[in-house]
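The values are calculated or read from the model by the stated rules, or taken from the named source; none is laboratory data. Since we're looking at a predicted model, the values are computed, not measured. No Cβ is skipped: glycine too gets one built from the backbone with ideal geometry, and neighbour counts run over all protein chains shown. Heads up: the accessible areas ignore ligands, DNA and RNA and are worked out on the full protein's heavy atoms, side chains in. Shrake-Rupley method; radii C 1.70, N 1.55, O 1.52, S 1.80 Å.
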Amino acid sequence: MKKAIIAFAAATALATGVTQAFAEPVKVGMITTLSGGGASLGIDVRDGFELAIKQSGNTDIELIVEDDARKPDLAVQLSDKLIQSDKVDIMTGIIWSNLAMAVIPGAVAQGKIYLSPNAGPSALAGAGCNENYFNVAWQNDNLHEAMGAYANTAGFKKSFILAPNYPAGQDALTGFKRFFKGEIANEIYTKLGQTDYAAEIAEIRASGADSVFFFLPGGMGIAFMKQYAGAGVDVPLLGPAFSFDQGILQAVGDAALGVKNTSQWSKDIDNETNKAFVESFQAEYGRLPSLYASQGFDTANLLLSAMGSAPISDKPAFLAALKAADFKSTRGDFKFGPNNHPIQDIYVREVIKEGDVYTNKLVGVALEDHSDAYAADCKM
């Protein structure tokens, strides 16, 4: 188990030297994936979060970082420790939806505020919503819904779809089917963490599909893309950003070029906050930021905005400040819906190569001011 406790000093403020004043200190517990499969995702969330705090010059946040190693039972143990022993005020950091479902309901039931920088399972967006739970990324279905909408406009009529068999994978295929108007050639749920896709690729080849929609985040996506390219299957791939994000593209290489993917963020979104974020992240860490880094950065800035408006001890006022989302997002326009999930634009991106670096460029907007399908079931 890897652990770090970080308190940022005023010396790390922006070049202006201005630091923010807050009503009360806040202790934040971050459980995220820093080792094993998918570690790059958690590292990027952590780094984006830390960068925002560093730039604020804040001295009133104590950040306790724990590594869940993508294990639900370990995540629950760490949550109990953070709540009962460390007495954290805020929790954040979880990448994987099965871990989110293991941790978040219990944390919010104990009165802790949870700010999700990634996982957005449908069970927490509808009837299972909670005033203490905010998702700063998206509801799981959203990017997949956007790809379903794009597939229609691109003229695809018959799609083969696959995803891992866990909550986010189930939400992914549900979201795609909600918007895609064509025929589903086949629907497959793979094993979470699977690395051999020979059988699935053989089924795709024989399916008669004119497109393949897949959600395979982290190492799963790298393995699938490499094997797909090696098999020489000539059926266009479509997917959400998770399979074509910055950290994954370098490992996939030329096999990803030209593939369309959907995301609520891209490094070339044209606003000053995003430009400054991309530049400062690169300067700090020596790499381009990913979708996950942008989500960590926005989550920290949401927290900082609430801390500037109300003391954590005045919980109703603090929750209202979070709900107001009075911060400048890397995405541009951002607001919460009635279930504390984002309403935002979702874009289509295309994988390109800039010099020696594989990355994405914006192609257009897939869904504008998009909410989620579960908000009506939330009775907050």
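Please report, ordered by residue number, the helices (runs of 4 or more DSSP H) entirely within the stretch 196-252 with at least 3 residues that are under 24 Å from the mean Cα position of the chain (by Cα) and not acidic (Asp, Glu).
Details: elements: 198-207, 219-231, 246-252.
By residue number, 219-231, 246-252.
With the requirement that a residue be assigned to a helix (DSSP H, G or I), under 20 Å from LEU319 (Cβ atoms) and either open to solvent by less than 10 Å² (accessible area, probe 1.4 Å) or of a type in the set (A, V, I, L, M, F, W, C) (or both), what does the stretch 80-112 give you? Reasoning before the result, please.
Keep residues of the stretch 80-112 that are assigned to a helix (DSSP H, G or I), which gives 80-84, 97-109.
If we keep only those that are under 20 Å from LEU319 (Cβ atoms) too, we end up with 82-83, 100, 103-109.
Across the stretch 80-112, the qualifying residues are LEU82, ILE83, ALA100, VAL103, ILE104, ALA107, VAL108, ALA109.
Sort out which residues of the stretch 62-79 are open to solvent by less than 10 Å² (accessible area, probe 1.4 Å) and free of Cβ contacts under 8 Å to residues at least 60 places away in the same chain, and write them in order of number.
LEU63, ASP68, ALA75, SER79, listed by residue number.
Here are some residues: MET30, MET1. Which one is at pLDDT below 95 and either buried (at least 17 other Cβ atoms within 10 Å of the Cβ) or farther than 26 Å from ASP314 by Cβ (or both)?
Values: MET30 fails: at pLDDT below 95.
Result of the check over MET30, MET1: MET1.
Given the conditions (1) under 24 Å from ALA373 (Cα atoms); (2) surrounded by fewer than 23 Cβ atoms within 10 Å (Cβ to Cβ), and given that GLY239 satisfies all but one, which numbered condition is not satisfied?
(2)
Residue by residue through the stretch 302-328, note down the ones that are aliphatic (A, V, I, L, M), outside any helix (DSSP H, G or I) and touching a residue at least 24 places away in the same chain (Cβ under 8 Å).
First, the residues of the stretch 302-328 that are aliphatic (A, V, I, L, M): 302-304, 306-307, 310, 312, 317, 319-322, 324-325.
Checking which are outside any helix (DSSP H, G or I) leaves us with 310, 312, 325.
Across the stretch 302-328, the qualifying residues are ALA310, ILE312.
I'd like to verify a number: residues in the stretch 254-271 that are open to solvent by 10 Å² or more (accessible area, probe 1.4 Å) and part of a helix (DSSP H, G or I), how many?
Matching residues across the stretch 254-271 total 2.
Of all residues in the stretch 153-178, how many are outside any loop (DSSP other than H, G, I, E, B), more than 20 Å from TRP96 (Cα to Cα) and without any contact (Cβ under 8 Å) to a residue 40 or more places away in the chain?
Residues that pass the stated criteria total 2.
In the set THR190, THR195, which member is open to solvent by less than 40 Å² (accessible area, probe 1.4 Å) and among the hydroxyl-bearing types (Ser, Thr, Tyr)? Outline the logic, then answer.
On the way: THR195 fails: open to solvent by less than 40 Å² (accessible area, probe 1.4 Å).
None of the others qualify; the one that does is THR190.
Keeping to the stretch 282-296, report how many residues are over 18 Å from ILE343 (Cα atoms) and either surrounded by fewer than 17 Cβ atoms within 10 Å (Cβ to Cβ) or of a type in the set (A, V, I, L, M, F, W, C) (or both).
8
Can you tell me which residues in the stretch 44-100 are farther than 18 Å from GLY296 by Cα, of a type in the set (Ser, Thr, Tyr) and more than 22 Å from the chain's Cα centre (by Cα)?
Within the stretch 44-100, THR59, SER85 qualify.
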